[in-house]
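J.: Got a structure here, written out as structure tokens. Questions coming.
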């Protein structure tokens, strides 16, 4: 369990989605459906309230997402961290406007609430400029096309929250990302939902609503495992 150690977020998995998009777009073979494995629970027992659970049980699973999503990658940096990547291959291949294409979900558990708060407040991606620099490092993104805007989604059950709308161009496609960073007790969640713009290049209200519902599902999962003080 990390104690007052901050790990850079997002991890390498967060930009795998930018590499997979053009690959999946060029692929004519449907991705085979694979069941999401259920990890073995390894609960952490301490006398303190908070979230004391294996992070592999805390990240989103396939049933938390809209139909068509498949888990394509996962990683753990240490015992208190887990990240997963989901893609919707059919949505990517169809090139239909306003669809949700991919979801990156990451959870890090800290020993105490104060450790999580310190990590959240000192994260390297706290302004629009920080996020824009992050996105500019990703392969295939047209750097001059990047636009970032902080916004306030209606997520319930969080102790701390920041969120950004990001849009950029990959080839001839305009992409919208919704990035959510939130603290629930001693856990920090990072959710990135990637969507395709509308036909005119604008934001899809429906896709944004789906993105917020996905982020809320992760918040709810964390709260489901939250142990309240006695």
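The values are calculated or read from the model by the stated rules, or taken from the named source; none is laboratory data. Every value quoted in this text rests on a predicted model; they were computed, and no experiment measured them. Note that we place each Cβ from the backbone using ideal geometry, even for glycine, and neighbour counts take in every protein chain shown.
J.: Taking residue 169, is it modelled with pLDDT under 95 and not in a strand (DSSP E or B)?
T.: It is false that residue 169 is modelled with pLDDT under 95 and not in a strand (DSSP E or B).
J.: Among the residues of region 116-127, is there at least one that is part of a strand (DSSP E or B) and surrounded by fewer than 15 Cβ atoms within 10 Å (Cβ to Cβ)?
T.: No: region 116-127 contains no residue that is part of a strand (DSSP E or B) and surrounded by fewer than 15 Cβ atoms within 10 Å (Cβ to Cβ).
J.: Which of the numbered conditions does residue 156 fail, given that it passes all the others? Conditions: (1) surrounded by 19 or more Cβ atoms within 10 Å (Cβ to Cβ); (2) closer than 29 Å to residue 68 by Cα; (3) in contact (Cβ under 8 Å) with a residue 40 or more places away in the chain; (4) out of contact with any helix residue (DSSP H, G or I) (no Cβ under 6 Å at 6 or more places or on another chain).
T.: Answer for residue 156: the failing condition is (1).
J.: Based on what the data block shows, is residue 189 farther than 21 Å from residue 81 by Cβ and either in contact with a strand residue (DSSP E or B) (Cβ under 7 Å, 6 or more places away or on another chain) or not in a strand (DSSP E or B) (or both)?
T.: For residue 189, the condition - farther than 21 Å from residue 81 by Cβ and either in contact with a strand residue (DSSP E or B) (Cβ under 7 Å, 6 or more places away or on another chain) or not in a strand (DSSP E or B) (or both) - is not met.
J.: Here's another thing I want to ask about it. Could you list, in sequence order, the residues of region 129-146 that are closer than 20 Å to residue 102 by Cα and touching a helix residue (DSSP H, G or I) at 6+ places or on another chain (Cβ under 8 Å)?
T.: Once the filter is applied, which keeps residues that are closer than 20 Å to residue 102 by Cα and touching a helix residue (DSSP H, G or I) at 6+ places or on another chain (Cβ under 8 Å), region 129-146 yields 137, 138, 139, 140, 141, 146.
J.: While we're here: Which numbered condition trips up residue 176, out of (1) under 16 Å from the mean Cα position of the chain (by Cα); (2) part of a helix (DSSP H, G or I); (3) more than 30 Å from residue 51 (Cα to Cα)?
T.: Single failed check for residue 176: (2).
J.: Same structure, new question: Tally the residues that are assigned to a loop (DSSP other than H, G, I, E, B) and at pLDDT 90 or above, restricting the search to region 128-158.
T.: To start, the set of residues in region 128-158 that are assigned to a loop (DSSP other than H, G, I, E, B) comprises 137-140, 151-158.
In the following step, the residues that additionally are at pLDDT 90 or above were identified as 151-158.
Matching residues across region 128-158 total 8.
J.: Related question: Looking only at residues in region 62-80 that are out of contact with any strand residue (DSSP E or B) (no Cβ under 7 Å at 6 or more places or on another chain) and over 16 Å from residue 189 (Cα atoms), which one is surrounded by the most Cβ atoms within 10 Å (Cβ to Cβ)? So that I can check it myself, show each step before the final result.
T.: Step one: list which residues in region 62-80 are out of contact with any strand residue (DSSP E or B) (no Cβ under 7 Å at 6 or more places or on another chain), which gives 63-64, 67-68, 77-79.
Checking which are over 16 Å from residue 189 (Cα atoms) leaves us with 63, 67-68.
On the way: 63: 8, 67: 8, 68: 16.
The extreme case among them is 68.
J.: Next question. Name the residues in region 192-202 that are in contact with a strand residue (DSSP E or B) (Cβ under 7 Å, 6 or more places away or on another chain) and free of Cβ contacts under 8 Å to residues at least 12 places away in the same chain, would you? Explain how you work it out, then say what you get.
T.: Initial filter on region 192-202 (in contact with a strand residue (DSSP E or B) (Cβ under 7 Å, 6 or more places away or on another chain)): 192-197, 201.
Of everything in region 192-202, nothing turns out to be in contact with a strand residue (DSSP E or B) (Cβ under 7 Å, 6 or more places away or on another chain) and free of Cβ contacts under 8 Å to residues at least 12 places away in the same chain.
J.: Here is a follow-up. Looking at region 204-222, can you tell me whether even one residue there is assigned to a helix (DSSP H, G or I), more than 26 Å from residue 89 (Cα to Cα), in contact (Cβ under 8 Å) with a residue 12 or more places away in the chain and in contact with a strand residue (DSSP E or B) (Cβ under 6 Å, 6 or more places away or on another chain)?
T.: Yes, region 204-222 has at least one match.
J.: Where residues in region 67-96 are outside any helix (DSSP H, G or I) and over 15 Å from the mean Cα position of the chain (by Cα), which of them is nearest to residue 173 (Cα to Cα)?
T.: Checking each candidate, the answer is 95.
J.: Further question: Can you find a residue that is more than 15 Å from residue 181 (Cα to Cα), touching a strand residue (DSSP E or B) at 6+ places or on another chain (Cβ under 9 Å) and in contact (Cβ under 8 Å) with a residue 40 or more places away in the chain anywhere in region 139-149?
T.: Scanning region 139-149 turns up at least one residue that is more than 15 Å from residue 181 (Cα to Cα), touching a strand residue (DSSP E or B) at 6+ places or on another chain (Cβ under 9 Å) and in contact (Cβ under 8 Å) with a residue 40 or more places away in the chain.
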